[in-house]
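Inspection log for the structure reproduced underneath, given as C-alpha cells.
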Amino acid sequence: MLFLKVGSDTWTPVGEEILFALVPGKSGTAAVSICDCEGNAKAMTPWVPTAKAEEHARSLLATGVAKFEGVVRLPI
C-alpha cells in the first residue's frame, strides 16, 4: 500500500522522516503508525491490545526512533 499526504489533491508522497505514534482505537485497542514530521502515516500495525501496541512503541524508542507528538493523519 502506498501512503500519500492526506488532504493533497495531487499524488504527493509523505516525507522521508521516520517517527512513530501510538494511535488509540476502540475497546482497549491501539495501533502503532510510522509517520513523517507532519503526521502523515507511512505504515501502520493492525489494531492490537493497547498493552501490545505500547510494547511495540517502547521497542521503537529503544532503537532510536523518535515519537511523533501531534495528530496522526491516517488515510482511512
Correct semi-axes for region 19-67, from √(5λ) of the alpha-carbon gyration tensor and rounded to whole Å with the largest first, are 17, 13, 7
In what sequence do Ser59, Ser33 fall when counting other Cβ within 10 Å, fewest first?
Ser59, Ser33
If R0 is 25 Å, what FRET efficiency do you get for Ala62 and Lys26 from their C-beta distance, rounded to 0.05?
0.35
Amide H of Glu17: which non-local residues (sequence gap of 5 or more, or other chain) have their own amide H closer than 5 Å, using H built in the peptide plane?
Cys37
From fewest to most C-beta neighbours within 10 Å, the residues Lys26, Lys67, Lys52 line up as Lys26, Lys67, Lys52
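The numbers here are math on the coordinates, done by the rules we state, and not lab data. These numbers were taken from a predicted model, which means no experiment stands behind them. Glycine also receives a Cβ, built like all others from the backbone with ideal geometry; neighbour counts cover every protein chain displayed.
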